[in-house]
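To keep things clear, I will list the structure first and then write my remarks on it.
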Amino acid sequence: YPAHLHGVSADILLLVVRGRKKYVGWPYTEKENLYRFELGGDTEQHTETSDEIFLAEGIRPDFASQPLLKDTVGWEGEVKEGDLLYIPCGQVHQVENLEPTFSLTFRVVDGDVVQCSKELQELGAHTIEMQFLDLLTEKSRERAENDPPVDWSSKI
């Protein structure tokens, strides 16, 4: 799967149940060095889930064909059985199975992610659906105003 930024932002938790994965990630501010895939004009290429695609090959970098990659700041590592990987909102990433792998992915969307998504839009991310984020913000505000606080001490 190519390097990408999720179309509707979320913090991601990836739990590897069996197998191993290689992970490479960059902050969205590195987008100019990640070879964003565009068809020209106003047409951009996205996946069926609106992920913004980058041609940067982080798993097996080839600095001769993608020289801007050597100037990027990012992270890489291996995630193995029992590991939980946190991928923060706004991180362009690429993940590849190193062997047959079973993993679970959880998306976390909260007020911090809404703020992150708005910041991504200001940086030029084209995949963030602001109507969705505005609705999420409105629903979160309504919930905070209408739901009574929970006394967790009585639940223990």
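Which residues among the range 13-28 fall inside the zone where the amide N is under 18 Å from a point 7 Å beyond the Cα of TYR86, along Cα→Cβ? The answer is 13-16, 23-28, whose backbone nitrogens lie closer than 18 Å to the label point. A Förster distance of 25 Å, applied to the separation of the beta-carbon atoms of LEU55 and GLU78, puts the FRET efficiency at 0.60. Annotation for ASP110 and GLU38: the two label points, set 7 Å from Cα along the Cα-Cβ direction, are 3.5 nm apart.
Each value in this text was obtained by applying a stated rule to the coordinates, not by laboratory testing. Because the structure is a prediction, the values reported are computed rather than measured. As a convention, Cβ positions derive from the backbone with ideal geometry for all residues, glycine included, and neighbour counts pool all protein chains shown.
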